[in-house]
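Let me begin by presenting the structure, written as structure tokens, before commenting on it.
The values are calculated or read from the model by the stated rules, or taken from the named source; none is laboratory data. The structure displayed is predicted, hence computed values, not measured ones. No Cβ is skipped: glycine too gets one built from the backbone with ideal geometry, and neighbour counts run over all protein chains shown. Ligands, DNA and RNA are stripped out before the accessible areas are found, and what is left, the full protein with its side chains, is counted by its heavy atoms. Shrake-Rupley method; radii C 1.70, N 1.55, O 1.52, S 1.80 Å.
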Amino acid sequence: MKIFTRTAAIDQYTRLCQEKGQTVGFAPTMGALHDGHLSLVAASKAENDITVCSLFVNPTQFNDAEDLRKYPRNHDVDMRMLMDVGCDVAFLPSVREVYPPGLDTKVQVDLNGLDRRLEGKFRPGHFDGMMEVVHRLIRITHPNRLYMGQKDYQQFLIVKHMIDALNLDVELVRCPTLREGDGLAMSSRNTRLAPIYRKKSVEINRTLHSIAAKKGQDNLQDILQHGIAKLKLADLRPEYLEVCDPSTLESVNVWTEDGEYVILAAAWADNIRLIDNVLF
Ligand code: AMP
């Protein structure tokens, strides 16, 4: 596996590959890898000649300094995992490489309110920072295909809008959410859950599924209130639980049995914030 830390070097390498007719797939991550991340690498390997995985804890997308400081970092283990799955290139840039002083890396895209709903309400500035880093990493690695997880559904939609709005020449691929045996969505943050909260956090996915199973029934608002109450009863602190349109993320008030929806939740388990969603 090739390891790059400099933007100029990886830019040149992927360009050379593409000049030889090879395709490049790219999975951006913040490290502390788990099988969910590795599934993006596997999906890229299946469809491209060269697979690049970046490990970069992006400071501009953290609205909470404590969360940034405590974000798990484990580069040695990450490198071993990437080698084991046959990733071709690991990219581990410094903050200075991604955001060189004097370079304006901000991205302006009209998202039609998509960035103000759900996560956007609770994590101000998060999506601006996320778009900034994904845009910058696309510019540096110029992949043919970009692999992102459904786990961060709103993030995926926003990146899709950004790619369309800026006419970026990259195909975005959505990969399914990988889960632990009990249904908890895999997340780097799960490692910070105390065992008792690790157990309690299963209720998030259960609640999403139990609501999805009631699709089309009367009183969606009552059903959601009941879901919130169940999360609280499990000692979690929900921030939102909403059924939304899967392309605009506008909140749905009336649902039908044959409609397509996504249900999304964010909840705190002790001091760890978890998110999950189910398309149904
Ligand atoms: P992160 O390192 O959390 O920023 O995530 C990097 C990428 O991995 C994003 O595209 C995530 O959506 C994706 N990802 C994170 N967790 C999972 C999961 N459990 N299953 C599939 N993809 C995931």
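Worth pointing out:
- Summary value for the chain: 18 percent relative contact order, contacts being C-alpha pairs under 8 angstrom separated by 6+ residues.
- What the Kirkwood sum gives for the chain is a hydrodynamic radius of 19.7 Å, with every pair of different alpha carbons counted.
- Cα-based shape type of the stretch 161-232, given that a ≥ b ≥ c are square roots of the gyration tensor eigenvalues and the cut on a/c is 1.5: oblate
- If the convex hull is drawn through the Cα atoms of the stretch 1-68, its volume per residue in Å³: 106 Å³
- Nearest-ten-degree value, helix 220-233 long axis tilted from longest Cα axis of the chain: 80 degrees
- Degrees between helix 202-212 axis and first principal axis of the chain (Cα, 0 to 90, nearest 10): 70 degrees
- Shape category assigned to the stretch 1-130 from the gyration tensor of Cα positions, a/c cut at 1.5: prolate
- Bridge type composition, the chain - antiparallel percent by DSSP, nearest 5: 45 percent
- Nonpolar atom fraction for the chain, defined as the carbon and sulfur part of the 1.4 Å probe accessible area, stands at 48 percent.
- 0 to 90° range, to nearest 10: angle between helix 126-141 axis and the chain longest Cα axis: 30 degrees
- Computed 3J(HN,Hα) for the stretch 171-186, one whole-Hz value per residue from the Karplus formula 6.51 cos²θ - 1.76 cosθ + 1.60 where θ = phi - 60°, is 8, 8, 10, 9, 9, x, 6, 8, 10, 6, x, 8, x, 4, 5, 4, glycine and proline marked x.
- For the stretch 156-280: relative contact order, % (alpha-carbon pairs under 8 angstrom, 6 or more apart): 23 percent
- Euclidean distance between Cα centres, the stretch 9-58 to the stretch 203-217, Å: 35 Å
- Net charge of Cβ neighbours under 15 Å - reference ASP49; Lys, Arg +1; Asp, Glu -1: +1
- Counting only protein heavy atoms and a 1.4 Å probe, the chain has 48 square angstrom of accessible area per residue.
- Cβ crowding within 10 Å averaged over residues, with 190-200, 44-54 ranked highest first: 44-54, 190-200
- Computed on the stretch 101-170, the Cα convex hull volume stands at 93 Å³ per residue.
- Judged by the ratio a/c of the largest to the smallest principal axis of the C-alpha gyration tensor, the stretch 139-280 counts as oblate, that ratio being 1.5 or greater while a/b is no larger than b/c.
- Neighbour net charge for ALA194 - beta-carbon separation under 12 angstrom, K R +1, D E -1: +2
- The count of lysine pairs in the stretch 1-127 that are at least 8 places apart or cross chains, and whose C-alpha atoms lie under 22 Å apart, stands at 4.
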